[in-house]
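Peer 1: Structure incoming, see below.
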Ligand SMILES: *Cc1c(COP(=O)(O)O)cnc(C)c1O
């Protein structure tokens, strides 16, 4: 079947860019842990005529007419979300994870209230109170941290909560390789009367698949993106648990009102359809099998990386995600490893590590994960091979060190980029990556001439 044939004729420029991106996705190893490949049926749903319709409001109470089918669509998505996570309330309208989190703040806090979240460079998300995020400016943010061992420092979090009496505490992280300690944080939040919001954006697919503990018995509010391990379109869901309803029966209503009219206008109905399709897929035994394999693959990859001489934060993983600690190569070396891997066709992202001796622009770690490769069908054997390739690439650029003097950095990096383009070892790895990718075709049958 020929895809995008109408677009190809009408707008060759846009078509060409999409085609190039498909080729990039096909011919590389996508290891950014927040990325995944949706199914064709999700792509079809988000490419549908549902994008044409305005439907401000909620099913049965819209500002515009003509919403009889959109109402059905949103109700279906909401019902599937409630069933998948076991919650009494879900809102599928947030445009993405960040606005979903912002809505939670304004549902339970007023500007100036104290909130707590994991510090950004310790693995927390921007929207959990980082100073450059609105959430760290509008609210009084008291960050908690990980300890020297890389695990969340529960004692510090408890002490900070008792001293600062926050209104809202966030758990759920963006660069943390271990299980999220929901139960411990529920005790802390309940002890100070705070709302506990679990942002399971990264692990929601693992939660639905039964390989990560669920936050539902512990948190009052749960948020998640739908495009990470859950493998749906870009979007988000806000949920309230029975525990949340018991604390404040008006919570669902407050969240609805913050989303619209508080923050957003019309929902993205094509995305709502994609979320519904992804949630149906996630309810199948094959998805639980997928989630199990994601974690098994991450464990196999972690073992291979360590066997090949790399140091990992917390010495491994229990999830889909791994953080390589590159301080043995020098501080601020994440950029060299990221760019060299990119050259070799392996996509990861540079990331801070706990107590990073450098800064978020030049962090000393690399974050990677297995959701996308597992979707392609790769298993432990391939992870073992890829771990070896990553270690080889990291070692091959170990001679590069970030200049101490800021003025020297851009020229040094330019030179580095030129040198890796001509590096024959990286070219060899690139060849191996290509051969591996060919064995695990992405969107087979999607032909773009
Ligand atoms: C990805 C992520 C978000 C933000 O999602 P966007 O869709 O990028 O806005 C929020 N919280 C956590 C923990 C995340 O990992």
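Peer 1: In whole angstrom, note down how far apart the Cα centers of segment 324-361 and segment 1-46 are.
Peer 2: 28
Peer 1: What ranking do 386-393, 183-190, 114-121, 354-361 get when scored by the average of other Cβ atoms within 10 Å per residue, highest first? Please report the intermediate quantities before stating the final value.
Peer 2: On the way: 386-393: 21.1, 183-190: 18.8, 114-121: 24.4, 354-361: 15.9.
Those peptides, ordered most packed to least, come out 114-121, 386-393, 183-190, 354-361.
Peer 1: Another question, if that's okay. Given a cut-off of under 8 Å on Cα pairs at least six residues apart, what relative contact order in percent is computed for segment 41-122?
Peer 2: Values: 31 pairs, mean separation 11.1, N = 82.
After rounding, I find 13 percent.
Peer 1: How many angstrom separate the Cα center of segment 62-94 from the Cα center of segment 130-178?
Peer 2: 32
Peer 1: For the chain, what class follows from the C-alpha gyration tensor (a ≥ b ≥ c being the square roots of its eigenvalues): rounded when a/c is under 1.5, otherwise prolate if a/b is larger than b/c, else oblate?
Peer 2: Details: a/c = 1.78, a/b = 1.18, b/c = 1.50.
Verdict is oblate for the chain.
Peer 1: I've got another one for you. Would you work out if segment 45-282 is rounded, prolate or oblate? Take a ≥ b ≥ c from the square roots of the eigenvalues of the alpha-carbon gyration tensor; rounded if a/c is under 1.5, else prolate when a/b is larger than b/c, oblate otherwise. Present the calculation step by step, with values, prior to reporting the outcome.
Peer 2: Details: a/c = 1.96, a/b = 1.62, b/c = 1.21.
In terms of gyration-tensor shape, prolate.
Peer 1: Still on this model: Among 24, 178, rank each residue by its count of other Cβ atoms within 10 Å, from fewest to most, as a rough exposure measure.
Peer 2: Values: 24 12, 178 18.
Placing the least packed residue first, the sequence is 24, 178.
Peer 1: So how far, in whole Å, is the C-alpha centre of segment 203-241 from the one of segment 254-302?
Peer 2: Cα centroid of segment 203-241 versus Cα centroid of segment 254-302: 7 Å apart.
Peer 1: Given springs between every Cα pair under 10 Å in a Gaussian network model of the chain, which of 438, 380, 408 has the largest fluctuation?
Peer 2: 408
Peer 1: Once every DSSP H run of n ≥ 4 in the chain is given -39500 (n - 2.57) and the sum is divided by its residues, what mean residue ellipticity at 222 nm do you get, rounded to the nearest 500 deg cm²/dmol?
Peer 2: Details: 18 runs with 205 residues, N = 449.
Helices in the chain give a 222 nm mean residue ellipticity of -14000 deg cm²/dmol.
Peer 1: What does the highest-first list of 134-140, 9-15 look like by mean Cβ count within 10 Å?
Peer 2: Working: 134-140: 18.1, 9-15: 11.4.
Per-residue mean Cβ counts within 10 Å order the peptides as 134-140, 9-15.
Peer 1: Please state the relative contact order of the chain as a whole percent: Cα pairs under 8 Å, 6+ residues apart? Let's see the in-between values first.
Peer 2: Values: 890 pairs, mean separation 93.7, N = 449.
Relative contact order here is 21 percent.
Peer 1: Once you have a ≥ b ≥ c as the square roots of the Cα gyration tensor eigenvalues for segment 23-139, tell me rounded if a/c is under 1.5, and otherwise prolate or oblate according to whether a/b is larger than b/c. Write down the numbers at each step before the final one.
Peer 2: Values: a/c = 2.17, a/b = 1.19, b/c = 1.82.
Since a/c reaches 1.5 but b/c is at least a/b, the shape of segment 23-139 is classed as oblate.
Peer 1: Quick one: give the max-minus-min coordinate of the C-alpha atoms of segment 285-439 along each principal axis, largest first, in Å.
Peer 2: Per principal axis, max minus min of the Cα coordinates gives 55, 35, 23 Å.
Since every read-out is calculated from the coordinates, none of them should be taken as a lab result. What you see is a predicted model; the values in this text were computed from it and never measured. Cβ atoms come from the backbone with ideal geometry, glycine included; neighbour counts cover every protein chain shown.
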